[in-house]
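Inspection log for the structure reproduced underneath, given as structure tokens.
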Amino acid sequence: MGGRETEPKLLALWSAPRCRSTPFLRMMAERGDRFVVHEPFSHVADFGTAEVDGRVVHSERDLIDALRELAAERAVFFKDTTDFHYPELVGDTRFLREATHAFMIRDPRAAIASHYRLNPKLGRDEIGFAWLYELYAAVKDAAGAEPVVIDGDDLVAAPEAIVRAYCERVGIRYVPGALRWRPEVLPGWQRTARWHTAVSESSGFEPRREERPVDVEADPELRAYLRYHQPFYDELRARRLRV
């Protein structure tokens, strides 16, 4: 599949926050064969606007149209996070079917701890696994097939094998040289730069030691969040890429 003549024009990666989706986007940018868009749906939800190849959009509907039109002209990859809910997207069966979607997860204890360090006031739904699963189910129903699920911990442990398997599943060529990159801040990261410091300083899929450990189980509120999101993570993890 990785060598097929016609590759998908629009690739999407959806992730709960802090699941290592930004390093995956950095790898896709390093390939150089797709126009890469960083978190446009969450930017619309959080800031009221997003930019797609110079076009400013103000709503989910406008964003979906912009991505569709851009993908008609050139190959596109975008990634986004589910700390926000996207009802227009979830209800757009056509778009869910047109794009080739993948989903990224991580042990929710680690994801919640990492999220909490950056946002101590985070609410339950911002953790994102429930909304991620809702979107996964919508894509599966629309496409009539199981989308790819990547565990961020698996990605760091075996990047070559996981990326190769992803490429084969979605139908794009595997580019081994894209697994290493120069540390830098990409243009689309300015609005949310503090969330991407580790990736900006990285040169590949590298595990990082968290500086301020957070014991999710010891905090009653975080523990309740974990109990809520764990079943959605478990459902997705059971379907993850295995290599």
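The values are calculated or read from the model by the stated rules, or taken from the named source; none is laboratory data. Remember, predicted model here, so these are calculated numbers, not experimental data. Virtual Cβ from ideal backbone geometry, glycine too; neighbours counted across all protein chains shown. The protein model used for the area step is the full one, side chains on, heavy atoms only, and it has no ligands, DNA or RNA in it. Shrake-Rupley method; radii C 1.70, N 1.55, O 1.52, S 1.80 Å.
From the list L89, L118, which one is of a type outside the set (K, R) and either modelled with pLDDT of 95 or more or in contact with a His (Cβ under 9 Å, 6 or more places away or on another chain) (or both)? It would help to see each step written out before you state the result.
On the way: L118 fails: either modelled with pLDDT of 95 or more or in contact with a His (Cβ under 9 Å, 6 or more places away or on another chain) (or both).
After ruling out the rest, the residue left standing is L89.
Looking only at strands (runs of 3 or more DSSP E) that fall completely inside the stretch 1-62, which ones have 3 or more residues that are among the hydrophobic types (A, V, I, L, M, F, W, C) and touching a Lys or Arg at 6+ places or on another chain (Cβ under 9 Å)? Before the answer, list the steps.
Working: elements: 10-15, 35-38, 50-52, 55-57.
Output list reads 10-15, 35-38.
Yes or no, residue by residue, for (1) under 24 Å from Y116 (Cβ atoms); (2) touching a residue at least 24 places away in the same chain (Cβ under 8 Å):
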{"residue": "A16", "(1), (2)": "yes, yes"}
{"residue": "C19", "(1), (2)": "yes, yes"}
{"residue": "D33", "(1), (2)": "no, yes"}
{"residue": "S42", "(1), (2)": "yes, yes"}
{"residue": "D53", "(1), (2)": "no, no"}
{"residue": "V57", "(1), (2)": "no, no"}
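With the requirement that a residue be of a type in the set (G, A, S), within 18 Å of S203 (Cβ to Cβ) and under 18 Å from the mean Cα position of the chain (by Cα), what does the stretch 159-185 give you?
Applying the first criterion (of a type in the set (G, A, S)) to the stretch 159-185 yields 161, 165, 171, 177-178.
Now restrict to residues that are within 18 Å of S203 (Cβ to Cβ): 177-178.
The one that is of a type in the set (G, A, S), within 18 Å of S203 (Cβ to Cβ) and under 18 Å from the mean Cα position of the chain (by Cα): A178.
Here are V199, V214, V185, V156: which of them is β-branched (V, I, T), modelled with pLDDT under 95 and surrounded by fewer than 16 Cβ atoms within 10 Å (Cβ to Cβ)? It would help to see each step written out before you state the result.
Working: V199 fails: surrounded by fewer than 16 Cβ atoms within 10 Å (Cβ to Cβ); V214 fails: surrounded by fewer than 16 Cβ atoms within 10 Å (Cβ to Cβ); V156 fails: surrounded by fewer than 16 Cβ atoms within 10 Å (Cβ to Cβ).
Among V199, V214, V185, V156, only V185 is β-branched (V, I, T), modelled with pLDDT under 95 and surrounded by fewer than 16 Cβ atoms within 10 Å (Cβ to Cβ).
I need the full set of residues from the stretch 169-182 which are crowded, with 17+ Cβ neighbours inside 10 Å and charged (D, E, K, R), in order please.
Passing the criteria: only R169.
Show me the helices (runs of 4 or more DSSP H) found entirely inside the stretch 76-128 where at least 2 residues are at negative phi and surrounded by 22 or more Cβ atoms within 10 Å (Cβ to Cβ). Steps first, answer last, please.
Details: elements: 87-90, 93-98, 108-118.
Where helices (runs of 4 or more DSSP H) fall fully within the stretch 76-128 and carry at least 2 residues being at negative phi and surrounded by 22 or more Cβ atoms within 10 Å (Cβ to Cβ), they are 108-118.
Does the stretch 133-146 include one or more residues that are in contact (Cβ under 8 Å) with a residue 24 or more places away in the chain, assigned to a loop (DSSP other than H, G, I, E, B) and crowded, with 23+ Cβ neighbours inside 10 Å?
The answer is no, given that none of the residues of the stretch 133-146 is in contact (Cβ under 8 Å) with a residue 24 or more places away in the chain, assigned to a loop (DSSP other than H, G, I, E, B) and crowded, with 23+ Cβ neighbours inside 10 Å.
Report yes if R164 is at pLDDT 95 or above, farther than 20 Å from R26 by Cβ, open to solvent by 60 Å² or more (accessible area, probe 1.4 Å) and out of contact with any Leu (no Cβ under 8 Å at 6 or more places or on another chain), otherwise no.
On the way: at pLDDT 95 or above: yes; farther than 20 Å from R26 by Cβ: no; open to solvent by 60 Å² or more (accessible area, probe 1.4 Å): yes; out of contact with any Leu (no Cβ under 8 Å at 6 or more places or on another chain): yes.
When the stated conditions are applied, R164 does not pass them.
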